[in-house]
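**Q** My structure is below; once you've seen it, I'll send some questions.
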Amino acid sequence: MTRISVNVDGIAYQDDVEPRLLLVHYLRDRLGKTGTPIGCDTTNCGACTVLLDGRSVKSCSVLAVQADQCEITTIEGVSSDGTWHPVQRAFHEEHALQCGYCTPGMIMASIDLLKDDPDPSEEAVRDGLEGNLCRCTGYCNIVRAVRRAAQEMRVTAP
Ligand code: FES
Ligand code: FES
């Protein structure tokens, strides 16, 4: 067992974990963060995407011990005081989900994408989200949602 200290969605945790434990299993099984789904066992789908020190990672491709001393944000930590993040709101308004299984990962990856490119073209959104698969929507509404969120975030940026 290895002792890790992490901050997840604003709360500090210390836990003893097996070195082989994947971050996604730590989040879901130890911390009850089941908002982060597992969609594959090949690190392809992106459903498990979280922010690790602000950058998006597939949490099934990271060991919990690699997250030691890191700050992790899951889909459960992106709203603030009951107010949705602009990306969450845009996904809702643009009907960018159907079954919703890919949505947590899509939103986390989109938040990271918008940090680097606050005004992404349609092509840039498609490139930025290529590691996240959706079996339902055909992606058009997802792209629209990300660009809508970008516009809102530019308008409200200080
Ligand atoms: Fe599919 Fe992590 S669960 S990439
Ligand atoms: Fe069903 Fe994306 S909404 S997989």
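**Q** Report, by residue number, each residue of region 3-22 that is outside any strand (DSSP E or B) and among the aliphatic types (A, V, I, L, M).
**A** Here is the first cut: in region 3-22, the residues outside any strand (DSSP E or B) are 9-10, 18-21.
Passing the criteria: only L21.
**Q** Now a separate question. Please specify each residue of region 4-21 satisfying the condition of being surrounded by fewer than 12 Cβ atoms within 10 Å (Cβ to Cβ) and either touching a residue at least 40 places away in the same chain (Cβ under 8 Å) or within 16 Å of ligand 2 (Cβ to nearest atom) (or both).
**A** Of region 4-21, the ones surrounded by fewer than 12 Cβ atoms within 10 Å (Cβ to Cβ) are 10-12, 14, 16, 19-20.
Passing the criteria: G10, P19, R20.
**Q** Being more than 14 Å from ligand 2 (Cβ to nearest atom) and touching an Asp or Glu at 6+ places or on another chain (Cβ under 9 Å) is true for just one of V155, V78. Which residue is that? Let's see the steps before the verdict.
**A** Details: V155 fails: touching an Asp or Glu at 6+ places or on another chain (Cβ under 9 Å).
Step by step, each of V155, V78 is checked, and only V78 is more than 14 Å from ligand 2 (Cβ to nearest atom) and touching an Asp or Glu at 6+ places or on another chain (Cβ under 9 Å).
**Q** For the subset of region 22-42 comprising residues that are small (G, A, S) and within 16 Å of ligand 2 (Cβ to nearest atom), which member is most open to solvent (accessible area, probe 1.4 Å)? Don't jump to the end; show me each part of the working.
**A** Taking region 22-42 first, the residues small (G, A, S) are 32, 35, 39.
Now narrow it down to the ones that are within 16 Å of ligand 2 (Cβ to nearest atom): 35, 39.
Numbers: G35: 24, G39: 46 Å².
The extreme case among them is G39.
**Q** Let me ask something additional. Restricting to region 66-101, what's the tally of residues that are on the phi < 0 side of the Ramachandran plot and open to solvent by less than 40 Å² (accessible area, probe 1.4 Å)? If you could, list the steps in order and put the result at the bottom.
**A** The first filter runs over region 66-101 and keeps only residues on the phi < 0 side of the Ramachandran plot, leaving 66-68, 70-80, 83-94, 96-99, 101.
Still in the running and open to solvent by less than 40 Å² (accessible area, probe 1.4 Å): 67, 70, 72-75, 77-78, 85-88, 90-91, 94, 96.
Residues meeting the conditions: 16.
**Q** How do the pairs read when you match residues in region 103-117 that are free of Cβ contacts under 8 Å to residues at least 60 places away in the same chain with residues anywhere that are of a type in the set (D, E, K, R), using Cβ under 6 Å and keeping only pairs 6 or more apart or on different chains?
**A** Short answer, once both residue conditions are applied: none.
**Q** If I ask for residues that are over 12 Å from the mean Cα position of the chain (by Cα), over 20 Å from R30 (Cβ atoms) and away from ligand 2 (no atom under 16 Å from the Cβ), which ones from region 43-68 would you list?
**A** The one that is over 12 Å from the mean Cα position of the chain (by Cα), over 20 Å from R30 (Cβ atoms) and away from ligand 2 (no atom under 16 Å from the Cβ): T43.
**Q** Identify the single condition in (1) within 16 Å of ligand 1 (Cβ to nearest atom); (2) hydrophobic (A, V, I, L, M, F, W, C); (3) touching a residue at least 40 places away in the same chain (Cβ under 8 Å) that C136 does not satisfy, given that it satisfies every other one.
**A** For C136, the exception is condition (3).
**Q** Same structure again: When you look at L52, is it in contact with a strand residue (DSSP E or B) (Cβ under 7 Å, 6 or more places away or on another chain) and without any contact (Cβ under 8 Å) to a residue 40 or more places away in the chain, yes or no? Spell out how you get there, then give the answer.
**A** Working: in contact with a strand residue (DSSP E or B) (Cβ under 7 Å, 6 or more places away or on another chain): yes; without any contact (Cβ under 8 Å) to a residue 40 or more places away in the chain: yes.
Yes, satisfied.
**Q** Just one of the numbered conditions (1) within 14 Å of ligand 2 (Cβ to nearest atom); (2) buried (at least 21 other Cβ atoms within 10 Å of the Cβ); (3) β-branched (V, I, T) is not true of T137; which one?
**A** (2)
The values are calculated or read from the model by the stated rules, or taken from the named source; none is laboratory data. Treat the numbers as computed from the prediction; the structure is a model and nothing was measured. Neighbour counts run over all protein chains shown; Cβ positions are idealised from the backbone, glycine included. We work out accessible area using only protein heavy atoms, side chains counted, and drop any ligands, DNA or RNA first. Shrake-Rupley method; radii C 1.70, N 1.55, O 1.52, S 1.80 Å.
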